[in-house]
1. Only one of A:140, A:127 is farther than 20 Å from residue B:164 by Cα and within 14 Å of the ligand (Cβ to nearest atom). Can you tell me which?
2. Considering only the stretch B:138-158, how many residues are facing another protein chain (nearest Cβ under 8 Å), within 20 Å of residue A:146 (Cα to Cα) and buried (at least 20 other Cβ atoms within 10 Å of the Cβ)?
3. With the stretch A:238-349 as the region, which helices (runs of 4 or more DSSP H) entirely inside it contain at least 1 residues that are away from the ligand (no atom under 14 Å from the Cβ), of a type in the set (Lys, Arg) and away from every other protein chain (no Cβ under 14 Å)?
4. Restricting to the stretch A:80-137, give me the number of residues that are in a loop (DSSP other than H, G, I, E, B) and of a type outside the set (Asp, Glu).
5. Tally time: how many residues in the stretch B:179-189 are facing chain A (nearest Cβ under 7 Å) and either under 13 Å from residue A:184 (Cα atoms) or within 24 Å of the chain's Cα centre (by Cα) (or both)?
6. Which one of A:158, A:149, A:112, A:96 is within 14 Å of chain B (Cβ to nearest Cβ) and not aromatic (Phe, Trp, Tyr)?
7. Among the listed residues B:12, B:53, which satisfies the condition of being more than 21 Å from the chain's Cα centre (by Cα) and within 14 Å of chain A (Cβ to nearest Cβ)?
8. Applying the selection to the stretch A:183-202, what residues are of a type in the set (A, V, I, L, M) and touching a residue at least 24 places away in the same chain (Cβ under 8 Å)?
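The values are calculated or read from the model by the stated rules, or taken from the named source; none is laboratory data. In this text the structure is predicted, and so the values were computed from the model without any measurement. Using ideal geometry, Cβ is built from the backbone for each residue, glycine included, and neighbour counts are taken over all protein chains shown.
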Amino acid sequence: MVRNTGIAVLCRAVFVCFVFSLLTVFSIDVNPASAQSPAGRDVSQGESLNGAVPGNTTGGVSDSEFWRQVRSGAAGGLVPLVQSQGDEWSRWRGPLQTYGGWILAVVVGIILIYFAIRGRMRIEGGRTGMVIPRFSLTQRVAHWVIAILFVILGLSGLAIMFGRFVLIPVFGKDGFAAIASLSLQAHNLFGPLFVPAVIALFITFLRGNGFKMHDLKWIMKGGGFFGVHASSEKYNFGEKSWFWWAILTGIALSVTGLIMVLPGLGFERGTMQIANVIHTAAAILFMAVGIGHMYVGTIGIEGALEGMTRGTVDVNWAKEHHDMWYEQHADEATPDVAAAEAQAADGKV
Amino acid sequence: MNDANQSGHAIPWFTDFAEGPLWYVAATVFVFGVLWRIVGLLALGRGEDKSVPKQSGMAGGIKAILLHSVPHGGFFTHTAFHVIAGYMFHIGLFALLFFAAPHVDFLRERVLGFGWTPLPDWAFIVAAQISFAGLILLWVRRVADPVIRRLKDAHDYIGSGLTFLVMLTGCFALQESRPVLAGIHMFTVDIWLIYFPFSRLMHAFTFLFSRYYTGAFYGRRGVTP
Ligand code: HEM
């Protein structure tokens, strides 16, 4: 953490000067020829230069050889500072920002267009007032913890990645500097909490999320998004895919995030650069689908959200979206909402 | 908080206001408000207890304070969640409130005139993470549990929401690079201090009294609360 930027910049400048002087010394050390004049004559003894420029002006070692040595670590621990992979890293980062931005924009666009054309998917038969327990308290706690982290990390991550392009025009450079600072701190502080949250999500939602043959039928029917009823068990193919998608990208985000946030682990800068590229890509993939999940979970599908808040869903919602699951639980349908909520909380789902 | 000056950025009026006049108002309201509430509570006294004492009320009171601080009585599976998350939140909050370097500096410079050794930066961050995790867990359960949801009212959400905001803006200001961020944190602290005496946040002081009172009442009757 940089406590005082002025001092930090000064320290960095001193350190860079120090390293460059070391480099110079090093290049002289490994090349005795460097102490000689271009003509190969030793000019250090005060001998007449006869008009020649003093010192080793063209260097005693070729540039490529010099940088090869620096890169291979021959320069004794200087690799992390003078490191040409940085160029490769920025070559990756640029397109990731561009295409990542486009992917997210396209996802939001598709959702908006879908919503504009088809609107909210209503419970066709209307609410019955009879409910069925759907998610246990443990599942709901695990879900909302990761959802809260998703929002905090997503917003701060987006500000870090796209803020320069999107926020500077709105808030100006000073405003953006403050937003960038707070985003980075929030991202670093909340990031590690995401790791146990992913594990908890995996454990609590694993059951029922295995793919089955009948998921193919759901896909063939367009998941019910285009007016045709698509049968499903407790989780449909879309939800199952989201579960595995979230877990896989979540693991990638966790591992690469920890590598970056804990430099004390001793990973080299090169590893951190690779981690950064994977982290960015995984974050975009995670968010792209996550935004769709948020949409169907809230305004997209009437009656879905209460399953995750209260723990119970309306019987007609269950029939229309998860008919095979409904058949298994039809006998639990009750008008006593409080009792059904208590049953759900107890984990009898 | 004055580190803001060191960063070389001009202090915005907002930060000046939050660290100056508003802070004095907030600190005054907090100190007098808390004293008022505690003195008022003690002045209420206890009604005359006509029961025949079976044992000392004081022993029961002290027992209750200690016993209620740990899970007891065979209900652990039911209370594990809020005991663990509760301790995570409160211990983390205590550590970062009183042992984070910027807080120790603030207390020394602006309140007490003396300080103590702060936690190293990494420990401060870990304390904040533990505290945030505890608060989020408690919050989510509060909304999702059918019983607790029905017991809670707006004040519970305002109190914990403000505390969360104070912590979040503190996290935002961690880099100590922009005075405006320190100002926003300080502003939420001021609001929190003003709200404190009139809210359930008072439990930070009153939990000892209430536990002692219940413990003494039952202890006098020979019952372990
Ligand atoms: C922040 C906004 C979010 C909202 C509003 C939301 C909403 C919902 C809702 C309403 C359901 C119930 C669907 C049903 O009854 O079948 C659900 C299920 C689920 N959500 Fe979310 N969610 C959010 C974020 C997340 C995140 C960030 C993750 C994972 C990292 C996640 C993972 C899941 C999983 C695993 C399920 C169970 C269904 C399945 O296995 O796919 N959710 N969500």
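1. None of the other options fit; the residue is A:140.
2. The qualifying residues number 4.
3. Helices (runs of 4 or more DSSP H) meeting the threshold: A:269-295.
4. 18
5. Looking only at that region, the number is 1.
6. Going through A:158, A:149, A:112, A:96 in turn, the sole match is A:149.
7. The match here is B:12.
8. Within the stretch A:183-202, A:184, A:186, A:193, A:195, A:197, A:198, A:200, A:201 qualify.
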